[in-house]
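Below: one structure, written as structure tokens.
Nothing in this text is a laboratory measurement; each read-out follows from the coordinates by a stated rule. The structure displayed is predicted, hence computed values, not measured ones.
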Amino acid sequence: MTFIIDLRGEEKPIKKVPILMDVKEVQKLKKYIANNGALFIPPYELELPKLPEWTNRVYYYKQYKMNLYQFTCSCEWWKNKRKIYPVGDLRLVCKHLYYKISSSSKLLETIDDLSLMLIKSYLFHGENMLLKAVLAKEKLTFYIGARYFGDWYNVYTKAGDNWKRYSYSMLEKRWSYDRVPEHEKIILDYLKKKINLFKNYFNRKD
């Protein structure tokens with residue numbers, strides 16, 4: 001879901017806006033936002049994973065207090081992001097939550113590899129928009145992520161039993177390090193169909 005957020009950091013009491021898969025609808029919403037003084041949040045089509053209930057307790061990382069089950073942290077970064085993103089949004093995970101989970105083999109067993117990969121891409125590479133592709137005919141599911149700048153797009157798809165990330169440049173028309181995913185043509189065809197959607201959310205010209 002996308003949300004309309006008041007620039008003062010308060011969620012406005014209006015209905016949630018469904019994820020927009022049409023460029024004209026994006027443009028319409030942008031006009032609404034410009035007229036109502038709100039901030040436009042790009043869609044992110046993967047919610048936070050559900051961790052076991054035994055993680056529902058207070059943890060500490062340095063001076064910060066957190067709850068892994070609720071994915072909350074006492075740091076200012078988390079508090080500011082909570083003014084923008086709704087509960088359950090993966091973009092709410094701060095570095096303290098990430099480091100706490102990734103530094104413990106026991107905690108690592110509680111989270112799936114795709115979620116961990118996406119959290120890392122968001123925190124360290126600024127990837128804050130994610131689209132999910134479910135192609136019934138091809139029996140294929142994958143994700144495409146992007147950030148506000150640059151022409152590289154990350155593709156998350158399964159290789160065997162594990163999720164892998166591949167990066168593709170629309171400008172250079174090449175895969176990073178020549179690592180090419182299975183179903184390359186299907187994935188690139190889908191990306192080309194959605195490229196204007198990314199550009200319209202980010203106002204990108206690449």
### Query
Hey, what do the phi angles of the range 114-123 turn into as Karplus ³J(HN,Hα) couplings, whole Hz, using 6.51/-1.76/1.60 and θ = phi - 60°, x for Gly and Pro?
5, 4, 5, 5, 6, 4, 5, 5, 6, 5
### Message
Residue by residue through the range 194-200, what is 3J(HN,Hα) from phi via Karplus (6.51 cos²θ - 1.76 cosθ + 1.60, θ = phi - 60°)? Round to whole Hz and write x for glycine and proline.
### Response
9, 4, 5, 5, 4, 4, 6
#### Entry: Solvent-free Debye scattering, log10 I(q)/I(0), computed from the Cα coordinates of the range 113-154 at q = 0.14 Å⁻¹
-0.36
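Working from the pairwise distances between different alpha carbons, so that the mean of 1/r is found and then inverted, what is the range 31-138's Kirkwood radius in Å?
On the way: mean 1/r = 0.0659 Å⁻¹.
Taking the inverse mean of 1/r over all distinct Cα pairs, the range 31-138 comes out at 15.2 Å.
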### Cα-only Debye scattering, the range 78-206: base-10 log of I(q)/I(0) at q = 0.17 Å⁻¹
-0.99
### Query
Around Ser167, which amide H atoms from residues at least 5 apart in sequence, or from another chain, sit under 5 Å from its own amide H, with H modelled in the peptide plane?
Val155, Ser176
### log10 of Debye I(q)/I(0), alpha-carbon scatterers only, for the range 129-202 at 0.22 Å⁻¹
-1.03
